[in-house]
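Notes follow once the structure below has been shown.
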Amino acid sequence: MVGGSGGGETITMSTHESAVQAAHAHGAPQGFIRKWVFSLDHKVIGLQYYFLALAAVFVGMFLSLLMRIHLIWPTAVLPFFGEIKPETYLSLLTMHGTIMVFFVLTTAPQGGFGNYFLPIQIGAPDMAFPVLNMLSFWTTFLGFIVLLAAFFVTGGAPLHGWTGYAPLSALQSAGPGEGLGADLWITSIAIFCIGALMGALNFITTTLDMRAKGMTMMRMPLTVWAWFITAILGLLAFGVLLSAGILLLMDRNLGTSFFVPLVTVNGQLTGHKGGSPLLWQHLFWFFGHPEVYIAILPAMGLCSQLLSVFSRKPIFGYKAMVYAMLSIGFLGFMVWGHHMFMSGMSPYTAFAFSIMTMGIGVPSAIKTFNWLGTIWRGRIRFHSPMLFAIGFVSLFVTGGISGPFLAQPVLDIYLHETYFVIAHFHLIMGVASIFGIFAATYYWFPKMFGRMMNETLAKMHFWLTFVGAYAIFMPMHYYGMSAGLRRYSQSTEVAYILKLLPLQRFISIAAFITIASQFIFLFNLFWSMWKGKKASDNPWEATTLEWITATPPPHDNFGGQTPVIHNGPYEYSVPGAPRDFVMQTEPSVEDQDKKKGKH
C-alpha cells in the first residue's frame, strides 16, 4: 500500500469495478487555476469549502459581537457603524443566523470534511461526478457573495429573521431592508440550495457506487454513514426550500399571492389576497428541521470515530449506531410542526408532532449511551480531537435535554418567544456542530497538511471555548424562563426585562471572551500549516483508509493502487493482533490464524 503506516494489498479489479473507476478517472491538473481554483480534485474542493466556512464563521461571529454590544450598551456609538438602531439589530440577527446555518454548519462538516475524506474512506479515487463537485462549490460561493451584497444595497440587509416569515418577508413595503436586500437574501438561499442539491447527488452516488472491494456498507466508517444520510436529507429538504424561495420571490416581484393574504401595511391595502403565511412556515420548517440534522449528523459520525480511536476500543454497538442515524434521518421529516405550536394549529395535530418529537429522542439516547459505552474502561488518550469529541457529547446532551420541554405545546406556548429557545438550538445545533468541526480539524489536519497542530494551544482553545459556551448559553435558559423575550434589541423598554440586564451583561462578557479565544485556533491553524511538527502517515494509530495513504494524499488518493478491505473500521485491542489496532486493509486476525494453522 502507499505510505508506510499500515499493511495491505492490491488486486486486479472486476470488469464492472474497473469500468466504474475508469469512468471517474481524470488526470492530475496542470497549472495553478486548474489545480487550486477550478479544481476537480475532491480534496482541493473540500479545502475550498472549509476555508469558505472559516471566512463565513468569522463574519457571523462578528455580527453576533455587534448584537451583544448593543444588548448591553444600547446607546453606544461604534466606530464605522455609528449607533445600532433596533431595525439594524434585526438585520444583524437575520444575517447572523443565515450565515451560520447555511454557510458554516451546513458547509464545513458536509462540504468540507465530507468532500475531502468520504472518497478516501471508502477507497475511491475521487467523487463520482468531479465537474458537478466543482460546480457545487462555486455555486455555494456565489450564494455567499450574493448574501453579503445585501449589506451594501439601498435599504441594507433584511430584518425578517433567518426563517424569513411571510408576510414580513413577502412585502417590499414591510420595513427597512425588505426591498432589494430581501430579494438578495432569498436569491442567495436559492443559489445555496442548488449547490447543496448537486453535492447531495454526488455524495449518494459516490457512497453507493464507488466503494473499494470488500468495503461493504457495514464496514463503512460511521463518518461515511453520517455523510451519506446527511446527503439523503439534503436531497429531500433543499428542494422544498428552493421551491419556497422561488414562490416568495414571485410574491414579492410578480404580484402573486402564495404567502400574502388580504392584508394592510401601514393602513394601505397590499393588493394581495388568498395567500397563506402558514404555507411558508410549513415549507420552511419541512426543510428547517431536517436542516438541524444536516448540521449535527456529520459531527455525530465523527464523534463516534474519535471516541473509538482515542479510547483504543471498538465502537460500542456499531449496527445500533447506524440504525440510530437512519432513524434520526427518517423521523427528522416528521416533526417540523413543533416549530409552529404558536400558529394556532389543531391540538390534535400538535399532539401528534409532540409525540414524534419525543420519539426522536430515542435514537439520540441510543447514540449517547453507546458513546459512553465506547469510552467506558478504555485506555483514553486525551489529545485535542478527543477533548472536542467529549465536549460535543456534553453539549449535545445538555442542548438536547431542553428539547422535550419545547416539544410540549403547553410549555412551548410560554417559552417559544423567549431566550430559552435561543439557548436550546444554539447548544444542540450551533455549538455542538462547531465542536465537531473543531474536532475534525485537529484530527485530520495532519493528513491534509502533513503537519501537527500545536497541542498546548489546542487544549487552551478547547477549555476557553467549552467553558465559554456554557457561560453564554446556560444563563440564556434562565433568562428565557424569566420571560426574557428574543428579538428585542434592548432591555430598557420593558420594566421586568430591565431587571434581567445583569444576566445579559454576564452573557455578553462571556461571549466576548469566547469570541477572542477563537483567534487562538486561527493562529494555530495557519501557523501549523507552515511551522507545525512534521506528521507521520498515521499519527493517531487509527485504522481507516485515509491513514494508509501518503500524507498529504496523492491526486488519485492511493497512488494508482486500489485498497482491498478485510476488516471493519474499529478494530482496536483485538486479541492476538501484533499491535493494538488492525488496519482495514490488513488480513483479519482470524485469517492469519487459519494460515498459521495450515502451516
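Any idea how many residues of region 199-211 are crowded, with 22+ Cβ neighbours inside 10 Å and either aliphatic (A, V, I, L, M) or not assigned by TED's automatic domain parsing to the domain that holds Leu52 (or both)? So the answer is 2. Can you find a residue in region 247-267 that is of a type in the set (Lys, Arg), open to solvent by less than 30 Å² (accessible area, probe 1.4 Å), in a helix (DSSP H, G or I) and touching a residue at least 60 places away in the same chain (Cβ under 8 Å)? Looking through region 247-267, at least one residue is of a type in the set (Lys, Arg), open to solvent by less than 30 Å² (accessible area, probe 1.4 Å), in a helix (DSSP H, G or I) and touching a residue at least 60 places away in the same chain (Cβ under 8 Å). Within region 400-441, the set of residues being buried (at least 20 other Cβ atoms within 10 Å of the Cβ) and free of Cβ contacts under 8 Å to residues at least 60 places away in the same chain comprises Ala423, His424, His426, Leu427, Val431. If I ask for residues that are in contact with a helix residue (DSSP H, G or I) (Cβ under 8 Å, 6 or more places away or on another chain) and of a type outside the set (Gly, Ala, Ser), which ones from region 159-179 would you list? Those that are in contact with a helix residue (DSSP H, G or I) (Cβ under 8 Å, 6 or more places away or on another chain) and of a type outside the set (Gly, Ala, Ser): Leu159, His160, Trp162, Thr163, Tyr165, Pro167, Leu171, Gln172, Pro176.
Report the residue count in region 98-144 for those that are of a type in the set (S, T, N, Q), in a helix (DSSP H, G or I) and open to solvent by 10 Å² or more (accessible area, probe 1.4 Å).
Start the filter on region 98-144 by keeping residues that are of a type in the set (S, T, N, Q), which leaves 98, 106-107, 110, 115, 121, 133, 136, 139-140.
Subset that is in a helix (DSSP H, G or I): 98, 107, 110, 115, 121, 133, 136, 139-140.
Restricting the remaining residues to those that are open to solvent by 10 Å² or more (accessible area, probe 1.4 Å) gives 110, 139.
Looking only at that region, the number is 2.
Candidates in region 44-79 are the residues that are at pLDDT 95 or above and small (Gly, Ala, Ser); of these, the one that is farthest from Thr514 (Cα to Cα) is Gly46. In this entry, Met217 is excluded by the filter for residues that are over 24 Å from Gly164 (Cα atoms) and in contact (Cβ under 8 Å) with a residue 40 or more places away in the chain.
Looking across Ser188, Ser173, one residue alone is of a type outside the set (A, V, I, L, M), part of a helix (DSSP H, G or I) and out of contact with any His (no Cβ under 6 Å at 6 or more places or on another chain). It is Ser188.
Has region 177-192 got at least one residue that is within 30 Å of Ala439 (Cα to Cα) and of a type in the set (D, E, K, R)? Checked region 177-192: no residue is within 30 Å of Ala439 (Cα to Cα) and of a type in the set (D, E, K, R). Taking the numbered list (1) loosely packed, with under 15 Cβ neighbours inside 10 Å; (2) closer than 22 Å to Gly436 by Cβ in turn, Pro502 passes all entries but (2). Within region 182-225, the only residue that satisfies the criterion of being within 18 Å of the chain's Cα centre (by Cα), closer than 26 Å to Gly317 by Cα and of a type in the set (S, T, N, Q) is Thr223.
The values are calculated or read from the model by the stated rules, or taken from the named source; none is laboratory data. The shown structure was predicted, so the numbers you read here are calculated from the model rather than taken from an experiment. Heads up, the Cβs are rebuilt from the backbone with ideal geometry, glycines too, and the neighbour counts pull from every protein chain shown. To get the accessible areas, we keep the full protein, side chains included, count just its heavy atoms, and leave off ligands, DNA and RNA. Shrake-Rupley method; radii C 1.70, N 1.55, O 1.52, S 1.80 Å.
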